[in-house]
Amino acid sequence: MHTSVRGSRRWRRCVVGAVAGLGLVAPAVATLADKTPDLTLMGKAAQAQFGAQLNAQVDLNKDGYRDLIVGNPGGPDFRGSIDVFYGSKKGPSKTAGFHYEGPMAWAQVGYSPQAVDVNGDGWPDLVVGADNYSGAQQYAGAVMVFLGSSAGFPAQPTQIIEGPSTNSFFGLSVKSLGDFNADGYADVVVNAMGANGSLGQLTVYEGSPSGLKTTPVNTLNGAPPWIYFGRVIDTGDVDGDGIVDLLVGKTSPTGGIPGMVNIYRGTRTGYASSAWQTLFPVEQDDGDWFADTVTFLGDVDGDGFGDVGVSAPRHVLDLVSGGIITVYYGAAGGPGASGRTQIVRASGGLTYFGSPMLGARDMNGDGYADLVVGTPAYARPYLDTDPFPGQVWVYGGSATGLRTDRIYKLNGTPGSRDEMGTSLEAADLNGDGRLDLVAGSSQYTGTLAAQGRVQIFAGTAKTSPKPATAAQR
């Protein structure tokens, strides 16, 4: 069975803050640290890991409000589950309008839920990974497709695509590719990090009138010395041609081998087997886990080109492991050709900084894409019995690049073991024109061990003003 590929972590505190590359220095933090969540949703079972995965980018039932999808890979026998909380003028419902539980022990349904219209009928479909699913082969993993309609989602998956081999863990990461071939059906990419002798594999699937085509368009294979190719992926249009590109992080399996990010350029016929560009560390530290998280940032500086963020959460500075995030700014030739970078460092006791990250959101409505960073192990000590409440930080974009006077931060419950920020989402869930921040705490223990919880912080004029006009920018 499969539970984690990260292995053990050494958690340390970092008290040094700086930004390099653009010469910016971090001023005092704008804070909403004690803001009370407007809605808290709780896991219903021990070890549910409720809130491990979040998606709120689509109005699933077409009522004018975006809906919140919550993936929970734990629960009874680690079957995993998926919940949909439908939006309204007051925000998401307090009870799930759709719930599905995995069909077998250790299926771990709930990874990387995507809401895309794969069959082109105008209704968003739910595509979700179950990386430990055992069908024809044990722990091959699977992707489940629930075709949407005016009646909602079916009680059971419309389609199940199984992984390529035993222990391939297919479905840990699933991402939308939009409609890259412009045929009217949404397409997706799915990882199988245990395939190809644990070197990893990515598979691109096209949509069709009946769902995802089971014959892939492309299969991208990892190569030594890196392993688990495809565990870290994101998608976004980095070259501005209107076709979604694929970002793949390759972390170092051992000392002496640098991590990197491969960019596979999207075309109308699919994705080439070799990378279009490769992003290398700007400031390298052996064993820093560079590319442990990769995110498409959108246009941070408003120059018309997409930017990319890459984390190195175990980067060591002065013998303290706090982590850094490197921003690669886009250009006509792509982010790998621009030569313009910026480094944001952990500060104020942060640990494992940059995992997770959420990009391509304009949190403060000024027309520039912002970066949301979760630090779920904020100030986590060595002793397992001590608290680590977690924090969420929001860094604003600007004409000169990513600002470091954070727009705001949010704290987990003081003295708790909430680990707030293990997952992040931002979307307008109540239709007021402002982005709301959603923070998952999959390891939260309330009345049940690791039941998990999701906290929703509604956007206000201070945290998320309505989008600025071109004249105001």
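Table for the structure above
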| read-out | value |
| --- | --- |
| Extreme residue, positive dipole direction of the chain, given options Q49, A130, N191 (C-beta unit charges) | Q49 |
| Restricting segment 186-268 to trypsin sites (Lys or Arg not before Pro) in coil, as DSSP defines it, with at most 13 other Cβ within 10 Å | R268 |
| Positive minus negative residues near K90 (Lys, Arg vs Asp, Glu; Cβ under 15 Å) | -2 |
| Debye intensity ratio in log₁₀ form over the Cα atoms of the chain, taken at each q of 0.05, 0.08, 0.10 Å⁻¹ | -0.16, -0.42, -0.68 |
| Neighbour net charge for L247 - beta-carbon separation under 15 angstrom, K R +1, D E -1 | -2 |
| Rounded to 5, percent antiparallel among DSSP beta bridges of the chain | 95 percent |
| Charge-dipole axis of the chain as Lys and Arg at +1 and Asp and Glu at -1 on Cβ define it, positive-most pick from L39, P281, P164 | L39 |
| Cα coordinate range in segment 65-198, projected on the principal axes (Å, largest first) | 48, 40, 20 |
| Heavy-atom accessible area per residue - the chain, 1.4 Å, Å² | 37 Å² |
| Segment 137-279: translational diffusion in µm²/s, Stokes-Einstein, Kirkwood Rh over Cα pairs, 10 °C, 1.306 mPa s | 101 µm²/s |
| Distant-in-sequence amide H partners of Y228 (H built 1.01 Å from N, under 5 Å) | L199, G200 |
| The chain, accessible surface, carbon-and-sulfur percent (1.4 angstrom probe) | 51 percent |
| Around D436: net Lys/Arg minus Asp/Glu count, Cβ-Cβ under 10 Å | -2 |
| Gain on full stretching of the segment that runs from A399 to Q138 - 0.36 nm per residue minus C-alpha separation | 88.9 nm |
| Residues of segment 178-220 with amide N under 19 Å of the 7 Å Cα→Cβ point at T278 | 199-202, 220 |
| Computed E for A332/A46 - FRET, C-beta separation, R0 60 angstrom, nearest 0.05 | 0.70 |
| Rounded to whole Hz, the Karplus (6.51, -1.76, 1.60) HN-Hα couplings of segment 85-100, x for glycine and proline | 10, 6, x, 7, 4, 9, x, x, 4, 7, 10, 5, x, 9, 9, 9 |
| Mean separation of Cα contacts under 8 Å, 6 or more apart, over the residue count of the chain: relative contact order % | 16 percent |
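The values are calculated or read from the model by the stated rules, or taken from the named source; none is laboratory data. Everything numeric in this text was worked out from a predicted model, so none of it was measured. Ideal geometry is used to build each Cβ from the backbone, glycine not excepted, and the neighbour counts take in all protein chains shown. What goes into the accessible areas is simple: the full protein's heavy atoms, side chains included, and nothing from ligands, DNA or RNA. Shrake-Rupley method; radii C 1.70, N 1.55, O 1.52, S 1.80 Å.
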